[in-house]
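Contents: one structure, followed by commentary.
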Amino acid sequence: MKVSQQQMLVRYQPQDPLTTPAVEVRVDSAPTLSNDRISVQDRVETVKPDSQGNFLCQPGTAEFHQVNTFVIANRTLNVFEKALGHKIPWAFQGDLKIHPHYDEGFNAFYLRQDHSLNFFDGFDKTLGKTVAGSESLDVVSHETGHAILDGLRPGLMGWFGSGEAPAFHESFGDMAAMLTALQDDGVLDRVCAETGGDLHKPNVVSRLAEEMSQGINHTYLQGTRPENWVMRDANNDFLYLKPESLPENAPPEVLASEPHSFSRIFTGAFWDVLSGVSDHFRQQGQDPRQALISSRDVMARLLARTVELGPNRLNRLSQMGQAMIEADRRYFQSEYADIIEKTLQARNLVPQSSPKSPTFSRGQTPTNLSEADRMLETRQTGPKLPDDLKAQALWKNDLGETFIRYDAIREVDLDPKTCTDLAASLTVAMDDQGKVFHALWEPVDETSIELARQEVDGCLKSDRGYIAQPGQGREKLIKVPIAYANPVKAKG
Ligand SMILES: [Zn+2]
């Protein structure tokens, strides 16, 4: 039997517990902390609604964390599904499981293999309280962002050697958190009060994970940073440099090749574009609050479309810059081209030329995976594609466009004892008349194999970021997030 939808009142954290009190909002949901996309699974029993059907729990309690993670993960997913006009699949079967109290520490991670978002609790002696990752929108929305991006572009997280993809993943998490925070009326008021509309002034949204940053400052950095210090601020001046020219780790103020640190370049560019778009609406006569709402909605669509048109493996961040220009051209008639190009230039994220793309003759739009495979056999010209390239995913959006992702998996030897899988990917998008307007071919070549070898070497040295699956005479290494500590040998 289908559970009927009803409105309920929930208390949740619209930003971060260090900056903002929890608020009550009305949400549409079934009267449990689960739906067909997301469910909360905690060590303690999941909270039931009160006699009025509401979830009004006290901040700081396990029950509040359960409600908060559920509400924020749903809100984040909703931002991107609305922006794209279609359901976003997860990169796995079934629902996304939230573990609000996974372990102790100042951390959180998404793990595709376990279909889960996992949040940590760390005791901060200076603040005199437990810092719960599940209590901050910035943290919960960031992790949900990983799951959303993984659903749209599974190659970015799936294979070793995808260069700057881990940094783009971190950036996407932060961009998701900022766009989701800006859905809240109180947060919009606060940002307007702080900035007067000039979004390059310090504000509560561009500054990320305030409380967890302090937990890290007090616990791991000996309290050396100021009390308003944050790990990442989208209002930054970091310019792109090749990560191989940077130190692997550095103090937070300095750019490093470590993905969280390196992600700040793209997040900074995103915030610059958002500011520019907001200025554009203000020049058209909108007041700062309305301009912020308008630019938020443009940026949600622009980012989501960028990802949809962007690569499934990512060597350089500038490839996503290229996709952003393309998304603006197709969906906004290049309205924001000046702002985007100026920003990418200023950040050294100038797009490179794209590889040769396949072309397709006109024909019927495929409606399922086998029709998509047939389209490849009968309508494609251009570079010779591998015979085993098969359609893996197909979706339609509310504009009548159809997107297809094809993959061909290659088992690649890393050394005599270990191997891993890499995928060649083709992304095709066609309009409602069946005309292909976008085709991106990403082969597995010597460069991608060499990049995979280098990344695996680093993972083996630090014993992180992989799962080893025993095989016939050699192990297959499967990529998992670095934040997933204590790698375990998978069974069979
Ligand atoms: Zn992350």
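The share of C-alpha pairs in segment 204-362 whose separation exceeds 24 Å stands at 43 percent. The distance separating the Cα centre of segment 274-322 from that of segment 147-162 comes to 21 Å.
Model label sites at Gln469 and Thr61, defined 7 Å from Cα along the beta-carbon direction, differ in position by 4.3 nm.
The packing ranking, built from the mean of other Cβ atoms within 10 Å per residue, places the peptides 467-479, 7-19 in the order 7-19, 467-479, highest first. Projected onto its three principal axes, the C-alpha set of segment 380-426 covers 49, 24, 11 Å, listed from the longest axis down. Counting only the Cα atoms, segment 34-151 fills a convex hull of 109 Å³ per residue. With only the Cα atoms considered, segment 359-479 has a convex hull volume of 132 Å³ per residue. Using the Stokes-Einstein relation with a Kirkwood hydrodynamic radius computed over Cα pairs, the translational diffusion coefficient of segment 64-126 at 4 °C and a viscosity of 1.567 mPa s comes to 98 µm²/s. Determine the distance separating the Cα centre of segment 426-458 from the Cα centre of segment 239-270; give it in Å without decimals. Their Cα centres are 24 Å away from one another.
For the chain, what is the convex hull volume of its Cα atoms per residue in Å³?
162
For the chain, relative contact order (Cα pairs under 8 Å, six or more residues apart, normalised by length) works out to 12 percent. Mind checking which lysines have their C-alpha under 19 Å from Lys356, skipping anything on the same chain fewer than 8 residues away? By straight Cα distance, Lys356 reaches Lys384, Lys435.
Charge tally around Ile72: other residues with Cβ under 13 Å, Lys/Arg +1 each, Asp/Glu -1 each, net -3.
If you count, for each residue, the other Cβ atoms within 10 Å and average over each peptide, how do 72-81, 174-183 line up from highest to lowest? All intermediate terms of the calculation are to be shown ahead of the outcome.
Working: 72-81: 22.4, 174-183: 26.0.
Ranked from most to least packed, the peptides come out as 174-183, 72-81.
Cross-link partners for Lys48 among the lysines, with Cα-Cα distance under 23 Å and sequence neighbours closer than 8 places in the same chain left out: Lys2, Lys97.
How would you rank 159-165, 240-246, highest first, on the average number of other Cβ atoms within 10 Å across their residues? Could the numbers behind the result be given before it?
Working: 159-165: 24.3, 240-246: 14.1.
Final packing ranking: 159-165, 240-246.
Read-outs: derived from the displayed coordinates by stated rules, not from any lab. Here the structure is a predicted model, which means the values were calculated and not measured. Ideal geometry is used to build each Cβ from the backbone, glycine not excepted, and the neighbour counts take in all protein chains shown.
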